[in-house]
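The structure appears right after this line, and notes come after that.
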Amino acid sequence: MKRTLRFAILMLILFGCKEKSTEPVPITPFEQWRSFNIHNYTIEQTRSCFCFYGGERMRITVQSDTVSSVMKLSDSTIILYPASKNFLSIDSLFGIIQNSRTDSLVVIYNLKYDYPEKLDINPQLHPVDGGELYESFNLEITK
């Protein structure tokens with residue numbers, strides 16, 4: 001009887017108590033981006049596709065997480081709605097990633113802020129008007 005009791009206590013000690021894990025909890029790129037608390041910024045972006053302004057470098061101004069203006073850098077032309085809606089804030093790029101219904105995505109994240117620097121949507125369809133490539137760079141935080 002004592003032997004069985006000792007065995008039960010030993011098993012309870014060995015398997016009944018678990019130590020808290022000291023391993024870091026993985027954080028997603030979106031969570032990392034949001035942790036910087038950046039809501040106002042400018043960023044340069046190109047959208048490569050068979051579309052209006054395809055391949056043109058734009059400066060996007062974002063205020064309170066919303067695109068407030070889009071300017072073509074080659075001649076400082078302000079791009080008005082509805083053409084401007086095709087250039088996206090960082091949160092909108094993450095929205096595409098998180099809600100993707102496409103065949104494939106290729107994403108490369110910025111090393112410092114974890115935003116998508118390159119978001120290639122359906123890269124196999126580029127030659128036949130189906131894919132899009134967003135490249136975003138030169139993030140400048142504003143007030």
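In table form, for the structure just shown:
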quantity: Accessible surface, 1.4 Å probe, highest first, among residues Val67, Val62, Val25; calculated: Val25, Val67, Val62
quantity: Glu135, Glu140, ranked by accessible area, largest first (probe 1.4 Å); calculated: Glu140, Glu135
quantity: Where labels lie 7 Å past Cα in the beta-carbon direction, separation of Asp65 and Glu31 in nm; calculated: 1.7
quantity: Projected label distance in nm at Leu73 and Leu111, using a 7 Å step from Cα toward the beta-carbon; calculated: 2.0
quantity: Relative contact order %, segment 37-143, counting alpha carbon pairs below 8 Å whose residues are six or more apart; calculated: 30
quantity: Extension gain, Ile141 back to Arg101 (0.36 nm per residue minus Cα-Cα distance, nm); calculated: 11.3 nm
quantity: R0 of 35 Å, Cβ-Cβ distance Ser48-Thr22: FRET efficiency to nearest 0.05; calculated: 0.20
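The values are calculated or read from the model by the stated rules, or taken from the named source; none is laboratory data. Since the model is a prediction, treat every value here as computed from it, not as a measurement. Glycine also receives a Cβ, built like all others from the backbone with ideal geometry; neighbour counts cover every protein chain displayed. Note: areas computed on protein heavy atoms with side chains; ligands, DNA, RNA excluded. Shrake-Rupley method; radii C 1.70, N 1.55, O 1.52, S 1.80 Å.
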